[in-house]
Amino acid sequence: MSFCHGLRLLYSQLPLFSRELNRPWCRYVSSSLALSSEKRASDFNSFVPRTNTCGELRSAHVGQEVTLCGWIQYQRQGLFLVLRDFQGLTQIIIPQDEAHSHVKKVLYDAPVESVVRVTGTVTSRPPGQKNPRMPTGDIEVKVKTAEVLNSCKKLPFEIKDFIKKSESLRMQYRYLDLRSFQMQHNLRLRSQMIMKMREYLCYLHGFVDVETPTLFKRTPGGAKEFVVPSREPGKFYCLPQSPQQFKQLLMIGGLDRYFQVARCYRDEGSKPDRQPEFTQRHLQNKDFEALKESAKSQFNQEVLHLIMKPDESLKSPLRKFLSEEQQSELIKALKVQADDVVLLAAGEHEKVCLVLGNMRLESANLLELRGLVLRDPTAFHFLWVVDFPLFLHKEENPAELESAHHPFTAPHPSDTSLLYSEPAKARSQHYDLVLNGSEIGGGSIRIHNAEQQRFVLETVLKEDPELLSHLLEALKCGAPPHGGIALGLDRLICLVAGAPSIRDVIAFPKSFKGRDLMSNAPDYITPEELEPYHIQVAWPAAEAEANKN
């Protein structure tokens, strides 16, 4: 079920939900929903020394004395300044009379981005000076008292959304980037979406939110894991790449409807955003070269292009290898028309499909940068992908198999016999959810039979089943059929927010190489600090010599 559909159900089923209001927890939920729908702006100010936020004052507040706190967005000629907080902007009039000279000096001397508190009277802006682009544009506040709570030094960039900043600079000074309206919007949207998910799952469908451990042990197959040393010699924890096993154990334990917003840790560099910058004209040779380079660097795959000219002749590196008859057959087979561009790749079916699917999305990005509208950014199109293979041949050793999803995925009911005779031909009960061309979630029906799970691990995947002895033992204890799905929350919110990168919807993200540019993590640990963990670092010769010096 799509999340958007889920939200619609949340509100459409509230009348049905009211039948259960005799239960205490339901009464609490009902009252909470009622309070949230009638939320007053003053709630923001219950425990702070302000009466209002900088985004809520309107003409109805004219004549009221208010206290505002915020950052100085800008100051102009000592006459007025604009104060900013998480909710918006308010124009502040700096007094010019002698009686308030101290207030004038305080605000005039305060640098941009200083934190100030002002008290004054809300007044209407003079005729012709109202700003319809500002929600608070009908009013201004004439200051009576002012206090600089903290002065600000010169910042590495201005806190304005239209100011272009490199992503590395934004991540290095993330605490400043978070002040921007766009980041405030994205993170608050993220919070609201997660809250609606919890309400929908818990209050309407009886799901239980359970936290699972962060320190676990190595899991056979799947992504690479981060290792955490322990104080026992030679023994290590692993950070879970997914709470997969805990999901199954909870369902075996009777929590048949369980969910969590889980942290997953994978020791793999994330992929950079695939939106290269190009000049604003028709596709050129350098565009095709960029696509080819992307396919080569990401997938080690060659890609060729073919263009049908207006005179119906072909322009392609392939042309010199094809006869006129072969070119005609190719045009007919591909149904190519004038000005069409075709990308071609050859190789193993799974790999070629992955490459061409990626090229298709990158080509769409290129065309939309040129002004050709291909996708409606306000529309959400969902798609289920099913009938995946259960196993794939390993790229480094095609004679061996690896799980296409994970080693706990159950075979398709019709292909159960193939699992034991020809496992490479078996389909899985694995499903992916795609939104607007991006995978946002995936899951499967799990193996609930201990002997079948042992066969997959030991015979098909050549893994040591003792690493999962706890799970195999649990499956022998009356494990019901079960399954689940995991949504990529960061990617989902990125699509809903219209952000160019998932790093724009995460408060403190890592770079695509896995570094924290703000704190410079990961960092070195001294030999003395490593000693309790029985670890010594084997330095490469050059670095060892440099460390001595």
(message) What is the angle, in °, between the Cα long axis of helix 349-369 and the longest principal axis of the Cα atoms in the chain? Nearest 10 is fine, range 0 to 90.
(response) 30 degrees
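Can you tell me the mean projection area, over all orientations, of the convex hull of the chain's alpha carbons? Units nm², please.
Over every viewing direction, the Cα hull of the chain projects on average to 38.8 nm².
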(request) For L418 and R491, calculate 0.36 nm times their separation in residues minus their Cα-Cα distance, and state this gained length in nm to one decimal. (result) 22.7 nm
(message) With only alpha-carbon pairs counted, each pair once and no self-pairs, how large is the Kirkwood hydrodynamic radius of the range 56-102 in angstroms?
(response) 12.0 Å
(message) Leaving ligands and nucleic acids out of the surface, order Y175, Y200, Y265 by accessible area at 1.4 Å, largest first.
(response) Y175, Y265, Y200
(message) Using square roots of five times the C-alpha gyration tensor eigenvalues, list the equivalent-ellipsoid semi-axes of the range 91-144 in whole Å, biggest first.
(response) 22, 14, 9
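Go through 102-109, 244-251, 382-389 and give me the packing order, highest mean Cβ count within 10 Å leading. Don't jump to the answer; show the numbers that get you there.
Values: 102-109: 16.4, 244-251: 21.0, 382-389: 13.5.
Going by the mean number of other Cβ atoms within 10 Å, highest first, we get 244-251, 102-109, 382-389.
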(request) Work out how much length L369 to E400 would gain on full extension: take 0.36 nm times their residue separation and subtract the Cα-Cα distance, in nm to one decimal. (result) 6.8 nm
(request) Divide, for the range 340-486, the radius of gyration over alpha carbons by 2.2 N^0.38 Å, where N is the residue count. (result) 1.30
(message) Can you give the FRET efficiency to the nearest 0.05 for E439 and E350, using r as the Cβ-Cβ distance and R₀ = 22 Å?
(response) 0.90
(request) Go through A110, L530, F157 and say which Cα lies farthest out towards the positive end of the charge dipole of the chain; charges sit on Cβ, +1 for Lys and Arg, -1 for Asp and Glu. (result) A110
(message) Using the crude model of +1 on Lys and Arg Cβ and -1 on Asp and Glu Cβ, and no other charge, please compute the dipole size for the chain relative to its Cα centre, in debye to 20.
(response) 2000 debye
(request) Step through the residues of the range 54-63 one at a time and calculate ³J(HN,Hα) from phi using the Karplus curve (6.51 cos²θ - 1.76 cosθ + 1.60, θ = phi - 60°), rounding each to whole Hz and writing x for Gly and Pro. (result) 7, x, 10, 6, 9, 4, 5, 8, 4, x
(message) Counting pairwise Cα distances across the range 458-518, what percent come out greater than 13 angstrom?
(response) 76 percent
(message) If I model a spin label at S469 and S151 as a point 7 Å from the Cα along the Cα→Cβ vector, what separation in nanometres do I get?
(response) 6.7 nm
(message) Nearest 10 degrees is fine. How inclined is helix 181-198 to the longest principal axis of the chain, computing both from alpha carbons?
(response) 60 degrees
(request) Would you compute the Debye intensity of the range 411-549 from its alpha-carbon atoms alone, equal scatterers and no solvent, and pass along log10 I(q)/I(0) at q = 0.10, 0.18 Å⁻¹ to two decimals? (result) -0.71, -1.02
(message) Using only the alpha carbons of the range 444-488, what is the convex hull's orientation-averaged projected area in square nanometres?
(response) 3.7 nm²
(request) Above 18 angstrom, tally the Cα pairs of the range 315-407 and express them as a % of all pairs, no decimals. (result) 68 percent
(request) With everything on Cα atoms, drop me the angle between helix 3-12 and the longest principal axis of the chain, reported from 0 to 90° to the nearest 10. (result) 60 degrees
(message) Could you work out the pair-distance distribution P(r) of the range 48-197 from its alpha-carbon pairs, with 10 angstrom bin width and percents rounded to whole numbers?
(response) 11, 38, 34, 15, 3, 0
(message) Charges on Cβ only, +1 for Lys and Arg, -1 for Asp and Glu, centred on the Cα centroid of the chain; of V48, S414, V434, which one is farthest towards the dipole's positive end?
(response) V48
(request) State to the nearest 20 debye the size of the charge dipole of the range 336-396 about its Cα centre, where the only charges are +1 on K and R beta carbons and -1 on D and E beta carbons. (result) 120 debye
(request) Kindly state, as a whole number, the per residue volume in cubic angstrom of the convex hull around the alpha carbon atoms of the range 402-479. (result) 110 Å³
(message) Between E529 and V341, what is 0.36 nm times their sequence separation minus the Cα-Cα distance? Round to one decimal in nm.
(response) 61.8 nm
(request) Could you please state, rounded to a whole Å, how far the C-alpha centre of the range 320-343 is from the C-alpha centre of the range 138-213? (result) 52 Å
(message) Within the range 81-114, list the residues whose amide N lies under 16 Å from a label point set 7 Å along Cα→Cβ of Q129.
(response) 81-83, 90-97
(message) Charges on Cβ only, +1 for Lys and Arg, -1 for Asp and Glu, centred on the Cα centroid of the chain; of S191, F181, I92, which one is farthest towards the dipole's positive end?
(response) I92
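The values are calculated or read from the model by the stated rules, or taken from the named source; none is laboratory data. All values reported here derive from a predicted model rather than from experimental measurement. Quick reminder, even Gly has a Cβ in these numbers, built from the backbone with ideal geometry, and neighbours come from all protein chains shown. When the accessible area is computed, the model is the full protein with side chains, heavy atoms only, and any ligands, DNA or RNA have been set aside. Shrake-Rupley method; radii C 1.70, N 1.55, O 1.52, S 1.80 Å.
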